[in-house]
Amino acid sequence: MKVKNRSNLFERIEDDDNYFDMRLLAEQTFPLSWEKMLQITGFDSIATLRQAMTSREEFSNQKDRLREICIKEKIIQPYEDTFSPHQLEALIDILKQMGHSQIRCIPEFPDIDLPYEVELDLNKVIDQYHHRRCLQTVDEQLFIANAFDYVETFICGPRSRVHQFAQRLEGFYCEKETMSWWALK
């Protein structure tokens, strides 16, 4: 996400209250596509950009380079474990196109919190999603979640519904040849 001009959010982003304030982020940032991030950073591929965002030690030069560019350009890197408000907005639009009017927000820890159904309205989804990290269509045909400690999204359901949903997203569809090692288990 790129911080809008005239906003001082980037200077205050280290405060967790700002970093996870979905409404504040929705108001004071705009989304950047992966393609635009490649142009800004000069990385040669999505794989290299992803390594710079998520790797620990072996790609520290790339990670440092990405951090410097993000500071200079006032870009907030993607969250791990959660959707940004802009991603939620895109997901809501796709679900509406597919004929849904509500979404079930599912808690990451079901023994602590209960699922909650809301209309497909960004503010209503943000209110519930902040406490419940997974989404499920009310007809239980699609389950949408992020991988813990990764900037990856998983969409589960019947192949035809997943394909119908995923073809409208920016990114790539994971197939046998592109699956992560831990997803093969």
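Taken over region 133-151, the residue count meeting the criterion of being farther than 16 Å from GLU89 by Cα and either surrounded by 18 or more Cβ atoms within 10 Å (Cβ to Cβ) or at pLDDT 75 or above (or both) is 6.
Within the bounds of region 128-145, is there any residue that is outside the structural domain of LEU24 (by TED's automatic domain parsing), assigned to a strand (DSSP E or B), within 24 Å of MET37 (Cβ to Cβ) and β-branched (Val, Ile, Thr)? The answer is yes, given that some residue of region 128-145 is outside the structural domain of LEU24 (by TED's automatic domain parsing), assigned to a strand (DSSP E or B), within 24 Å of MET37 (Cβ to Cβ) and β-branched (Val, Ile, Thr). Here ILE126 clears all of (1) modelled with pLDDT of 80 or more; (2) loosely packed, with under 13 Cβ neighbours inside 10 Å except the condition numbered (2).
Has region 34-48 got at least one residue that is of a type in the set (Ser, Thr, Tyr), at pLDDT below 80 and in a helix (DSSP H, G or I)? Within region 34-48, not a single residue is of a type in the set (Ser, Thr, Tyr), at pLDDT below 80 and in a helix (DSSP H, G or I).
Filtered by the rule that a residue be aromatic (Phe, Trp, Tyr) and modelled with pLDDT under 85, region 5-33 gives PHE10, TYR19, PHE20. The residue that is surrounded by the fewest Cβ atoms within 10 Å (Cβ to Cβ), among those in region 88-123 that are part of a helix (DSSP H, G or I) and in contact with a strand residue (DSSP E or B) (Cβ under 8 Å, 6 or more places away or on another chain), is ILE92. When the residues of region 83-134 are narrowed to those that are among the aromatic types (Phe, Trp, Tyr) and within 17 Å of the chain's Cα centre (by Cα), which ends up farthest from THR153 (Cα to Cα)? Selected residue: TYR129.
The values are calculated or read from the model by the stated rules, or taken from the named source; none is laboratory data. Just so it is clear, the model here is predicted, and its values are computed rather than measured. Neighbour counts run over all protein chains shown; Cβ positions are idealised from the backbone, glycine included.
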